[in-house]
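Undergrad: Sharing a structure below in structure tokens format, with a few things to ask.
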Amino acid sequence: MTKFDITMKKKDESSKIATIDEALERTHFGRFNLQIIVFAGAVLNNVILESVGMSFALPVVACDLDLSYQEQGILGAICFLGIIISSHFWGLLADTMGRKRIMMPTLLMGFVVTLISSFSINFTMMVILRFLSGIFISGSSATIYAYVGEFNCEKQRNRAVLYASFIAAFSAIFFPLLAWIFINQEWQFEVPLLDITYKPWRLFFVACGVSGFVCGIIFHYLPESPKFLLGANRHDEALEVLRYMHQKNIKSNKKLQNDTFEITTLLPDLADIPAVAAETKTKDKKSFGSICVVIWNQTAPLFMRQHIRKTFLSSIILFTTFFTAHGVYMWFPYILNNVNLYVSNYDEPKRLCDILRFTQSSNFTLSEQSEFPVAEKICVTKLEIDTYRHTMSQEIIYVGLLLSVIYANRRFGRTPILFIVLTVCGLCGILSLLIASPMVSIYLFLIMLCSGLGTNVMNAIVVDVYPTNLRAMAVCISLMVGRIGSVTGSNVLGALIDTHCEEALYSSSISLVVAAVLGLLMPKAVSEKKKKPQNIENDN
């Protein structure tokens, strides 16, 4: 055999061995990847519908179930509480049992619970069912980021996560329209066995949950993450998924019709090597002690020397963005209604917090021509059109800014983008409190609420900076802390908005700027080195 033949043989053998990231790159980015991105966007949209839908229905639900303000606050936050409590649990299961094996049943069960909650007969039943709904929503809300990221190579991963977030955000534009179609209807019928009147808001709950049911059915036809399969020592299954991806992608690209997927041996990326070792040690052990070991192995590394800085920073940043984007957002209809009340009756310019204090004072009177009734004095059976209009405006602004973020992602790093997004939103929040022009203040306030963009960027960063075996758990824990921020923000603002409005809103805006600075301290993405590890033997 000549030297040339030996060299060609070595090259041929080398082309059949690759790391998982190299293998993902050789499948090419095409139709299959786009399908996964669209699916992930639909799952994220379902999370939005299920968790935020109550904010539209709450005024009408409060009227129908005769809820106090305290009960309304509990009902508005209980879904997030379910998500918070179960995040760690679902992250553990997703990292040890598989992404698909956890998300598919939780999506289906989430719809079942939502359907039952639409027949709630009282406050207690509604709270319990919405809490359970939050638990099942949590199963897919964080894990889906890891799932979509693991079907893409390092070069495409961050873009795929942002595209999925964009699809969810774009779909949310039509969320106010969906609420208007259902909630503002006038039909109703009796349900004798439960002694309730089934009204449009109940059907609205079901409509919010249908997307989860559809996603659960679609999930049956989608494969498990190849990165998870390799990390779980299921080498042949991982190869089968990669071949399927390659086949689907080259069909949609005429230039790649003759391309073949020759890889027969997969090696883990350097950052994922510990995942294989840890999985092997705990394999086939089902005792209570081994379960505790698995829980420790999945959680403790996030708070040890190698990962503690990024775990701490990502949690603080997400806490801050959720505090504003979700916690303060819960009070936006209240703020907007009071500003509209003032503008329709007075011409004198005032700052935002001055308006809120004035409209709640005994000096405030309504003119006979006012179209904005004081919400506290009536039982709300429908929502004002302005509520839907301004909410839709906020969603359109959000989508436009997200498009800018996706475009900037191609040219700049994710950390600078996070810094710019949170800084701009924080400064707009500060300006909204300083400017004595009510409607200008409202739109600056809307931009501040778009700080949720930071959540999307931060999730993309988290997916990049953690290895496969810790990725789902890391996203779940950081989002869990973030959602604690949403519950905290809603309650803090509720307690302070009438008496210490400036302090409450200034602290929210300034904390966004602080979070932007902290974002600059986030480490760079895990380097998916092209060099193959030589000391890892494949168990094929």
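The values are calculated or read from the model by the stated rules, or taken from the named source; none is laboratory data. Keep in mind the model is a prediction, meaning the values are calculated, not measured. Cβ sites come from the backbone with ideal geometry, for glycine too, and all protein chains shown count toward neighbours. For the accessible areas, the whole protein counts, side chains as well, though only heavy atoms, and no ligand, DNA or RNA atoms are used. Shrake-Rupley method; radii C 1.70, N 1.55, O 1.52, S 1.80 Å.
Undergrad: For the stretch 226-313, please list each of the helices (runs of 4 or more DSSP H) lying entirely inside it that holds at least 1 residues being open to solvent by 20 Å² or more (accessible area, probe 1.4 Å), farther than 30 Å from residue 415 by Cβ and modelled with pLDDT of 85 or more. Let's see the steps before the verdict.
TA: Details: elements: 226-231, 235-251, 273-282, 288-299.
Answer list for the stretch 226-313: 235-251.
Undergrad: Looking at the stretch 106-153 only, could you name the residues that are within 30 Å of residue 27 (Cα to Cα) and outside any helix (DSSP H, G or I)?
TA: Passing the criteria: 142, 150, 151, 152, 153.
Undergrad: Another question, if that's okay. Filter the stretch 165-177 down to the residues that are open to solvent by less than 40 Å² (accessible area, probe 1.4 Å) and not polar (S, T, N, Q), then identify the one that is modelled with the highest pLDDT.
TA: Among residues in the stretch 165-177 that are open to solvent by less than 40 Å² (accessible area, probe 1.4 Å) and not polar (S, T, N, Q), the one modelled with the highest pLDDT is 168.
Undergrad: Applying the selection to the stretch 207-225, what residues are assigned to a helix (DSSP H, G or I) and open to solvent by 50 Å² or more (accessible area, probe 1.4 Å)?
TA: 210, 213, 214, 217, 218
Undergrad: Taking residue 161 as meeting all but one of (1) assigned to a helix (DSSP H, G or I); (2) more than 18 Å from residue 31 (Cα to Cα), write down the number of the exception.
TA: Here residue 161 clears every test but (2).
Undergrad: Taking the stretch 466-497 as the search range and keeping residues that are of a type outside the set (A, V, I, L, M, F, W, C) and not in a helix (DSSP H, G or I), which one is surrounded by the fewest Cβ atoms within 10 Å (Cβ to Cβ)?
TA: Going through the qualifying residues, I end up with 467.
Undergrad: Of the residues 415, 423, 391, which single one is at pLDDT below 80 and in a helix (DSSP H, G or I)?
TA: Selected residue: 391, the only one of 415, 423, 391 that is at pLDDT below 80 and in a helix (DSSP H, G or I).
Undergrad: Would it be correct to say that residue 80 is at pLDDT 90 or above and either open to solvent by less than 50 Å² (accessible area, probe 1.4 Å) or in a helix (DSSP H, G or I) (or both)?
TA: no
Undergrad: May I ask you to verify whether residue 463 is open to solvent by 10 Å² or more (accessible area, probe 1.4 Å), in contact (Cβ under 8 Å) with a residue 12 or more places away in the chain and of a type in the set (A, V, I, L, M, F, W, C)?
TA: For residue 463, the condition - open to solvent by 10 Å² or more (accessible area, probe 1.4 Å), in contact (Cβ under 8 Å) with a residue 12 or more places away in the chain and of a type in the set (A, V, I, L, M, F, W, C) - is not met.
Undergrad: Residue under question is residue 75, and the condition is that it be under 22 Å from the mean Cα position of the chain (by Cα), under 24 Å from residue 198 (Cβ atoms) and either assigned to a helix (DSSP H, G or I) or not hydroxyl-bearing (Ser, Thr, Tyr) (or both); does it hold? Give the steps one after another, and end with the answer.
TA: Working: under 22 Å from the mean Cα position of the chain (by Cα): yes; under 24 Å from residue 198 (Cβ atoms): yes; either assigned to a helix (DSSP H, G or I) or not hydroxyl-bearing (Ser, Thr, Tyr) (or both): yes.
Here the answer is yes, as residue 75 does meet what is asked.
Undergrad: Looking at the structure I just gave you, is residue 180 farther than 30 Å from residue 100 by Cα, open to solvent by 50 Å² or more (accessible area, probe 1.4 Å) and assigned to a helix (DSSP H, G or I)?
TA: Taking the combined requirement at face value, the residue satisfies it.
Undergrad: Sticking with this structure for a sec: Just name the residue that is most open to solvent (accessible area, probe 1.4 Å) out of those in the stretch 314-347 that are polar (S, T, N, Q) and touching a helix residue (DSSP H, G or I) at 6+ places or on another chain (Cβ under 8 Å).
TA: Within the stretch 314-347, the match that is most open to solvent (accessible area, probe 1.4 Å) is 337.
Undergrad: Answer yes or no as to whether residue 96 is open to solvent by less than 10 Å² (accessible area, probe 1.4 Å), assigned to a helix (DSSP H, G or I), polar (S, T, N, Q) and farther than 16 Å from residue 218 by Cα. First the steps, then the outcome.
TA: Details: open to solvent by less than 10 Å² (accessible area, probe 1.4 Å): no; assigned to a helix (DSSP H, G or I): yes; polar (S, T, N, Q): yes; farther than 16 Å from residue 218 by Cα: yes.
So residue 96 does not fit the description; no.
Undergrad: Follow-up question, since we're still on this one. Identify, from the list 203, 162, 194, the residue that is surrounded by fewer than 14 Cβ atoms within 10 Å (Cβ to Cβ), at negative phi and touching a residue at least 60 places away in the same chain (Cβ under 8 Å).
TA: Result: 194 is the single residue among 203, 162, 194 that is surrounded by fewer than 14 Cβ atoms within 10 Å (Cβ to Cβ), at negative phi and touching a residue at least 60 places away in the same chain (Cβ under 8 Å).
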